[in-house]
Amino acid sequence: MYYVYLIQHDLSREIYIGLTTDPKERLRTHNGKGKKFTTRKSGMWHFIYLELFRSQQDAIDREKKLKGHAKGKHELLKRLKYSLLEPKIGEGRS
């Protein structure tokens with residue numbers, strides 16, 4: 001099985017979208033010593049959303065759509081409005 005995932009950083013509230021076959025291990029990688037360059041910073045990343053696919057190509061296509069098309073990502077974030085981490089003080093939810 002293939003997972004397209006959305007994680008959010010607890011300090012910066014940054015969003016990251018990725019693809020994996022092992023979500024738990026992938027999150028450990030994002031938060032661990034061997035962090036990916038794109039997600040390396042202090043604080044922790046948390047799963048917000050996972051999509052499961054039987055087909056690797058379907059998962060790749062979905063990840064590309066979310067990463068490459070602002071509208072796709074924007075629509076997903078609208079659906080997840082109450083699942084996202086609370087905004088930092090002084091920031092409002094949009």
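Things worth noting here:
- Close pairs from the range 47-71: first touching a residue at least 60 places away in the same chain (Cβ under 8 Å), partner surrounded by 12 or more Cβ atoms within 10 Å (Cβ to Cβ), Cβ under 6 Å, at least 6 apart: 66/17; 66/72; 66/73
- Pick from the range 18-35, criterion under 15 Å from residue 53 (Cα atoms) and not in a helix (DSSP H, G or I), ranking: nearest to the chain's Cα centre (by Cα): 18
- Selection count, the range 4-22, where residues are in contact (Cβ under 8 Å) with a residue 60 or more places away in the chain and in contact with a Pro (Cβ under 7 Å, 6 or more places away or on another chain): 1
- Looking only at residues in the range 82-94 that are of a type outside the set (Ser, Thr, Tyr) and modelled with pLDDT under 90, the one that is farthest from residue 7 (Cα to Cα) is 90.
- Count of the range 16-72 residues which are at pLDDT 95 or above, of a type in the set (Ser, Thr, Tyr) and under 23 Å from residue 86 (Cα atoms): 1
- Single residue of the range 1-25 satisfying the filter (under 13 Å from residue 77 (Cα atoms) and among the β-branched types (Val, Ile, Thr)) that is surrounded by the most Cβ atoms within 10 Å (Cβ to Cβ): 7
The values are calculated or read from the model by the stated rules, or taken from the named source; none is laboratory data. Everything numeric in this text was worked out from a predicted model, so none of it was measured. Reconstructed Cβ throughout: ideal geometry from the backbone, glycine too, with neighbour counts over all protein chains shown.
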